[in-house]
Structure formats: structure tokens, C-alpha cells
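Participant: Please find one structure pasted underneath; my questions will follow.
The values are calculated or read from the model by the stated rules, or taken from the named source; none is laboratory data. Treat the numbers as computed from the prediction; the structure is a model and nothing was measured. Cβ sites come from the backbone with ideal geometry, for glycine too, and all protein chains shown count toward neighbours. Surface areas here come from the heavy atoms of the whole protein model, side chains and all, with no ligands, DNA or RNA. Shrake-Rupley method; radii C 1.70, N 1.55, O 1.52, S 1.80 Å.
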Amino acid sequence: MTDNTLIAVKPEIAAGSHADAERRTAMVAEATKDPDGFWAREMNRLAWMRAPTKIKNTSFEGDVSIRWFEDGVLNLTESCLDRHVEGGRGDAVAIIWEGDDPKADAHVTYRQLLERVCRLANAMKSLGVRRGDRVSIYLPMIVESAVAMLACARIGAVHSVIFGGFSPDSLSSRIQDCESTLLITADEGRRGGRTVPLKANADEALKSCPTIRNVIVARNTGGGVAMEDGRDHDWAELCDAQSAECAPEPMGAEDPLFILYTSGSTGKPKGVLHTTGGYGVWAAFTHELVFDYRPGEVYWCTADVGWVTGHTYIVYGPLANGATTLMFEGVPNWPDSSRFWSVVDKHKVNIFYTAPTAIRALMREGEAPVKKSSRKSLRILGSVGEPINPEAWLWYYRVVGDERCPIVDTWWQTETGGILISPLPGSVAQKPGSATLPLPGVFPALVDNDGAILEGATEGNLVITDSWPGQMRTVFRDHERFVQTYFSTFPGKYFTGDGARRDEDGYWWITGRVDDVLNVSGHRMGTAEIESALVAHPKVAEAAVVGMPHEIKGQGIYAYVTLKVDEEPTEALRKELVAWVRKEIGPIASPDAIQWAPGLPKTRSGKIMRRILRKIAANETDNLGDTSTLADPTVVQDLIGNRVG
Ligand code: WTA
């Protein structure tokens, strides 16, 4: 369903906004005509030790080289911390932490945050961590995760945050890939009244991570954990002994800031590499414009710091802009489903940014849990992670925002570093379900499967034709894979992996992935990863995983499993396989349905026809398309007959 209703810009939002219609038009024009001039101005959003003189130096051709602000020198933590403290805002609140337990919260000022970052930075140095070294971070949603990221940036170490919901196996493969020498973790995390055994998971993972020399353990729940002598250090003990000052390491704009592993359509997760200057500019620029952030406002992004949304829109963007950023340890439906709104009231949140899956889950509980809160402080509502269906959009707009607050449906990816397509609340009228228009300096296009550019109102593959500062620079230690993954399908263009439609008004509607990447509750996963986890089970011969429509999660995981000869397909084995995948990857990868498949639909050359499997999973079996190239067309009838769900 699409909805062509135009929801006009509210005059009270346009007034005093960072980008009213006139300013937006001027920015788009300038960023198109004179990118160097435009970005030479926008880069002043950051504090530079040496201002860049070279602005844009990028090519999507051949070996693909992306450099922005390349002769500039900076340390991003100065922009996020020191300059606010030095500018007289040291006592302003940088982070409001809201615990899983509704009675637990904390306020951390910019001055306190700077001090904590410096202490940890010094502690890391004392453990031998140097500029360029990789540090893995496996923490729950506690202030320490922001401190750990910033402390790495302070000394020029490259952080790799791993979502706390990942299993020991997923953690160890991400540590092995980047050969980090330090792991920062916590005793336990808390979510929805339960604890997550982070340190125990880490201990398990570290059995196969020889590069890790030290582990710093934050005491969060106080739960008892094993500490290995010489390797494991108590965060507080270590940091208390350090100086509260640590000079920021001068970094080149193109020096790495972080690696973040993300799933693609093939192989293991890729280490997406972001650098310092361009990413920092993009984070600050988009956070201010898209959320129309105004000084003094309280801003809350409900993502986890383990995902890119948490990096850019909990930590770097808001802190660069001197905002008060709220970090929430818990979940939307605990202790009850009005939690989000009671937190909004409690901390007077002005800007709220969440995922469609959360909205759909809350929508199912009805309006009452929302209506018992005031939500008067809210001014802007945001959505990210997956397409938002118009029903959920309208509910968010009407019920949560009382039709007062514009909704910014923000399209972007781990690879893009920050938002690329989104309404700017001061200037762009919205349509429920559309991400509307590209930001200034972003040049999307639609191409057909042969790469020909499509004009006008149409649908196709979403590509970006020129670079923007926040773009990923490479896959960590695998530039070839970077070029192959993003620039070979449509040479000379960045391929997003998404499909999109552009309507008569030039508005963009993201239709979802066109590759083998799933988006389950806004969590991105490769079908290949889940398949290889299944095939690693001793009783499984073969597996094929596809997405299926899911009311709350957006997409569910549907797995076709062929067992080894002599293995019995039992309910017990089905449960065992679900548990197996949870253990191999993490709970977010649990299959929603497993269908026993005596055979999979393959072409004569042995390629699995996923198109057919997707249709069966979606229960759209009326028109399966051409099946004549199948080696054995009879398997299809068997699969249809035994569909699960
Ligand atoms: C999807 C998350 C539609 C898309 C920031 C993209 C969206 C993938 C939207 C990236 C949106 C993200 N509308 N789809 N507003 N935002 N997506 O890397 O398929 O975890 O390619 O980054 O999420 O997921 P990732």
C-alpha cells in the first residue's frame, strides 16, 4: 500500500528551522554545482587542528578511491567533548542514561564525560594500545559504551563495536577478522528484566582469539564473573588510577575511526571501515538538519550502539552538536508497553528516533498505553532501519505525535555512515511511507538490471552516482571486496542493494533489499550466514534461507532444511535447530519457520532458485513464474504441499 497524501510542513516547525524550504533549495543547488565550496563550509561543523585545503577527491571508477578533507587534521573527540567544555557548556548534560529498571537513571555532563573518556584513554595506553590498533567493544547500553568508543577515538585506536546480542561465535569471528588486541566488555547486560551474560560469552569467544592481550570489564549488574589474572582488568580500578587528562591524538581526516561488521548477500560479515573527517562532518550535518536539532533539546535514539544507528545518532552526531543524547538500556515493552512514552515524559524528550518494528509492536497494544502519557515535549519523530508501512507511519503520526510532530523517515545504511534520504522537517512535506527526498549533496538514481539510468516516475535498483563525505572507504583489509560488492554490479555507481520507486513528485519510496540480505526487526542479516550456521549442524545436509513477510518484524526468517539421509525430521530436531542458530549467531537470527525439504529447487547447473522459495514462504504460490529450467520440477509441488505456517 502506498499513500499519496501530502502532509504539509508545519509553520511552527519551519520557523527557525535549520533548513526551511528556501535554505534547503539553496543547499541542494550549491552542493550540486560547487561541492568543494559547499563542503568547505559545512566542514566547519567540526573542530580541526589543521583545516583541510583539499575537499573532495573521489572516484567510483576502477579501483574506487574515496577521500574527503584529506589534508585536514583533527581528533573527533575534540568536536564531541573538549570544545563544549571549553565553550562554557561543561555542565550541560551530554548523556541521560535510562536503565532497564525504570528507577535507574543517570546524567553525565560534558565535563564528566570528557574526564571519563580521558581516564579510559590513558588506561588503554597503559595497556599498550597504540594509534591504529583495533579495540573490540562488547557492551550493553550503558554510558561506558559511549566512553569506550570515544576513548578509542581519543588515542587514534580503531573501535569495532559488536552488538551485545551476538553469540560467542559471532564475537570471536569479528575479533579474529580485525585482530584486535583489547576487548572492552561488562559483567552482564540487562534487558527487559533479564540479564545477558556478556563476560561469560566473551570468555567463551576468547578461547579462539589469540590476538587479545587484555580485557577491560565494566561492573554493571555486579554479577559474579571469572577474572583471568594478567588478562582481565576491572574498569573502575584501572581508570581510577589514571590521570583525567589525555591529549587528543592528531589524526588525519582519512585515518580510520571505526570498523563495524555488517551482513552482505555472500560470505562472512564485512568490516565496514569509516574514517574520521568525512564521517564526522556527515554525522554532525545530518543530525542537525534531519532532526532539526536545536540547542538545549533532549534527543533520544532508541537504537543499540552495536549498530550504525547507535554510532552516528546516539554518539557521534548528537555529541558533535552538543546535544543531550539519551541512552536506553531496556526494551519498549517492559515493564509495560508504555515504557517509551513514560521515558519521553520523564526526561522531556524533544526528538525521538526509533524503528518501524517497535512502532508496529506497540501499535498492536492499542492507543491506551500511549495516551496515558503526555508527550508534550515531543517535536520531531524519526524512523529508521526498514521501510515503514503507511499504517504504522500514520499511527506514529496521529497517536504518538498527536499530528503535531513531523516524521522523518530516514533511509541509510551502515555503509553510508549517516542518513541519505529523508525529509527535512523545516522544508519537505511528507507522505506516509516515503523517505521523500535526498539530502543536499546526495545523488540517488534508479537503474534497470542492465545498469541503464531510469528517468521519471518509475521503479528500479537504487544507486548513488557520486560520493558524499560519510561514505565507507573500504572493507577492512579487503578493498577488492569493497569494489566487488558495491561498484561492480553497476560500474561507476555505488549500488545500495535496495530497490526503490520514484513517484510523480520525485519522492523516493524504498521497497526493500533486492539481494539476499534480510531485514528482521531492522536487524540486517545475510541469508548465507544463517544457511552456513544450519549446515554446520551434524544432521543437516543442505539449507536455504529466505525472508517472509512478518507483521511485526517486517521480515521473518524462513529456512528450508534438507537433512542427511537416515535423519528423522522431528519436532525435537526442529527446536534443536532453532536453538543451534541462536547459539551460532545470536537470538536475532532465530528462524521463524523451518520447513523440511527433501529437495531444493535447483537449476540444472545446481543454483538454488530462491525466487521460488521466497514465493512459497510468502504463500504466493499462484504464480511461481518460469520453472522450466529446474532440474527436478516435482520438488516444487512437495514444498508447496508442506509449507509451514
Ligand atoms: C534498510 C541501518 C527503508 C535498507 C541504518 C538498507 C530502510 C538497510 C530504511 C541498511 C528506511 C534502512 N526505509 N529501508 N528508512 N532505513 N533501511 O546497514 O534495506 O543496518 O539497505 O543500516 O536497512 O541496514 P543497516
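Participant: Quote the FRET efficiency, to the nearest 0.05, computed for Gln176 versus Lys348 with a Förster distance R0 of 45 Å and r equal to the Cβ-Cβ distance.
Facilitator: Efficiency, from the Cβ-Cβ distance: 0.55.
Participant: Say the cut-off is 25 Å between C-alpha atoms; which of Lys207/Lys583; Lys583/Lys615; Lys207/Lys607 go over it?
Facilitator: Going by Cα-Cα distance, Lys583/Lys615; Lys207/Lys607 fall outside the 25 Å limit.
Participant: So which lysines can Lys33 reach, going by Cα to Cα under 29 Å and dropping same-chain residues fewer than 8 places off?
Facilitator: Once the sequence-local lysines are set aside, what remains near Lys33 is Lys54, Lys56, Lys431, Lys493.
Participant: Moving on to the next point. By its C-alpha gyration tensor, with a ≥ b ≥ c as the square roots of the eigenvalues, how is region 165-256 shaped: rounded for a/c under 1.5, else prolate for a/b larger than b/c, else oblate?
Facilitator: It is oblate, given that a/c is not under 1.5 and a/b is not larger than b/c.
Participant: In addition: How large is the accessible surface per residue of region 168-320, computed with a 1.4 Å probe and reported in Å² as a whole number?
Facilitator: Per residue, region 168-320 has 32 Å² of solvent-accessible surface.
Participant: Continuing with the same structure: Once you order the gyration tensor axes a ≥ b ≥ c over the Cα atoms, which shape class does region 296-380 get: rounded for a/c under 1.5, otherwise prolate or oblate by comparing a/b with b/c?
Facilitator: Here region 296-380 falls in the oblate category.
Participant: Can you compute 3J(HN,Hα) from phi for each residue in region 153-160, using the Karplus curve 6.51 cos²θ - 1.76 cosθ + 1.60 with θ = phi - 60°, rounded to whole Hz and x for Gly and Pro?
Facilitator: My calculation for region 153-160 gives 4, 4, 9, x, 7, 9, 8, 10 Hz in order.
Participant: Okay, next question. For a protection proxy built on the mean count of beta-carbon atoms within 10 angstrom, sort 396-406, 553-563 highest first, please.
Facilitator: Going by the mean number of other Cβ atoms within 10 Å, highest first, we get 553-563, 396-406.
Participant: Right, something else. Compute the Cα gyration tensor for region 279-423, then decide on rounded, prolate or oblate, letting a ≥ b ≥ c be the square roots of its eigenvalues: rounded whenever a/c is under 1.5, prolate when a/b is larger than b/c in the other cases, and oblate in all that remain.
Facilitator: Prolate, because a/c is 1.5 or more and a/b exceeds b/c.
Participant: Shifting gears a bit: Set the Förster distance to 45 Å, then compute FRET efficiency between Asn449 and Arg23 from the Cβ-Cβ distance, nearest 0.05.
Facilitator: E(calc), rounded to 0.05, equals 0.75.
Participant: Taking H as built 1.01 Å from N, whose amide H comes closer than 5 Å to the amide H of Asp409, not counting residues under 5 places away?
Facilitator: Ser383
Participant: For Asp34 and Ile552, calculate 0.36 nm times their separation in residues minus their Cα-Cα distance, and state this gained length in nm to one decimal.
Facilitator: This chain segment gains 182.1 nm when fully extended.
Participant: State the percentage of accessible surface on the chain attributable to carbon and sulfur atoms; use a 1.4 Å probe and exclude ligands, DNA and RNA.
Facilitator: 50 percent
Participant: For region 555-593 and region 400-454, what is the centre-to-centre distance using only Cα atoms, to the nearest Å?
Facilitator: So the separation of the two Cα centres works out to 36 Å.
Participant: Net charge near Glu70, counting Lys/Arg +1 and Asp/Glu -1 over other residues with Cβ under 14 Å of its Cβ?
Facilitator: +1
Participant: Per-residue HN-Hα couplings for region 240-253, Karplus 6.51 cos²θ - 1.76 cosθ + 1.60 at θ = phi - 60°, whole Hz, x for Gly and Pro?
Facilitator: 3J(HN,Hα) across region 240-253, in whole Hz: 4, 7, 9, 5, 8, 10, 8, 5, x, 6, x, 10, x, 4.
Participant: Apply the Karplus curve 6.51 cos²θ - 1.76 cosθ + 1.60, θ = phi - 60°, to the phi angles in region 341-349 and return the couplings in whole Hz, x for Gly and Pro.
Facilitator: Coupling constants for region 341-349: 6, 6, 5, 4, 5, 4, 9, 6, 6 Hz.
Participant: How large is the accessible surface per residue of region 431-545, computed with a 1.4 Å probe and reported in Å² as a whole number?
Facilitator: Per residue, region 431-545 has 33 Å² of solvent-accessible surface.
Participant: For n ≥ 4 DSSP H runs only, could you compute -39500 (n - 2.57) per run for the chain, divide by its residues and tell me the 222 nm figure to the nearest 500?
Facilitator: -7500 deg cm²/dmol
Participant: For Cα pairs less than 8 Å apart in space and 6+ apart in sequence, what is the mean separation divided by the residue count of region 260-328, i.e. the relative contact order in percent?
Facilitator: Across region 260-328, relative contact order equals 30 percent.
Participant: In nanometres, what is the gap between the two model label sites at Glu86 and Lys575, each 7 Å from Cα along Cα-to-Cβ?
Facilitator: 6.2 nm
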